[in-house]
Amino acid sequence: MPDPVLPLARFTGPVVADSSVVINLNATRRAKAILGALSNQVLVTEQVLGELSSGRGGEHRDSALLAELIAGGFLEAVRIGESSEADFIGLVSGAASETLGDGEAATIAKALEVGGLALLDDRKALRICTERFPNLPTSGTVDLLRDSRLTEALTEPQLSDTVFRAVHDARMHVPPHHGEWVIGLLGIERARRCPSLARILRSMRNPRQAESRAVQAQRH
């Protein structure tokens with residue numbers, strides 16, 4: 001299977017991260033190393049700060065960890081501007097099936113405002129974003145963890161542990177097109193410990209082949 005196109009890998013502008021991305025990064029225990037490997041400016045909106053301070057993420061102490069990342073200059077906290085308010089309101093108003101939470105809506109609105117890329121993991125948010133703003137580039141946490149700037153900065157065991165913590169501890173969503181890479185990197189035994197990978201494992205004809213290919217790729 002050819003490697004998927006990763007929009008983040010060729011994007012040089014600012015990226016705006018949603019709450020789910022922050023939670024996943026915190027779970028890796030290497031958020032600073034991951035963000036430090038990027039050359040992009042990374043933004044989070046005040047709505048995302050509000051969601052995490054209200055308790056989303058729970059045991060990972062995400063609000064406090066996010067504050068550390070902001071204080072260290074790894075992330076920048078921002079507000080959506082007046083020009084983005086209409087986009088934000090349009091995303092949070094209407095039928096439940098076609099509206100988003102404040103954090104997701106603000107992430108998309110801010111990305112539109114600054115000509116950036118929206119980092120989203122929620123499938124509904126990605127669908128709505130693609131339907132309404134087809135020209136806005138999007139990526140997710142797996143795209144970030146698969147970025148060559150990070151894979152070159154970490155050893156294979158470090159990268160494997162990093163991805164495992166995100167998938168196992170934070171239950172990071174893994175899109176099907178990233179399934180083989182994630183399972184190959186983790187190995188079958190650790191992949192089976194991650195409930196969020198169960199469907200992908202069932203859909204793969206021979207998951208051992210993915211593991212073997214991952215080992216061979218690392219050797220080269």
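What follows draws every value from the coordinates through simple rules; no lab data is involved. Just so it is clear, the structure is predicted and the values come from calculations on it, not from any experiment. Cβ placement follows ideal geometry from the backbone for every residue including glycine, while neighbour counts extend to all protein chains displayed.
The table that follows gives values for the structure above.
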read-out	value
Helix axis angle, 207-219 relative to the chain longest principal axis, alpha carbon, degrees	90 degrees
Segment 82-130: C-alpha gyration tensor shape, a/c 1.5 cut-off, then a/b vs b/c	oblate
10 Å Cβ shell holding at most 14 others, DSSP loop, trypsin sites (Lys or Arg not before Pro): longest site-free stretch of the chain	80-191
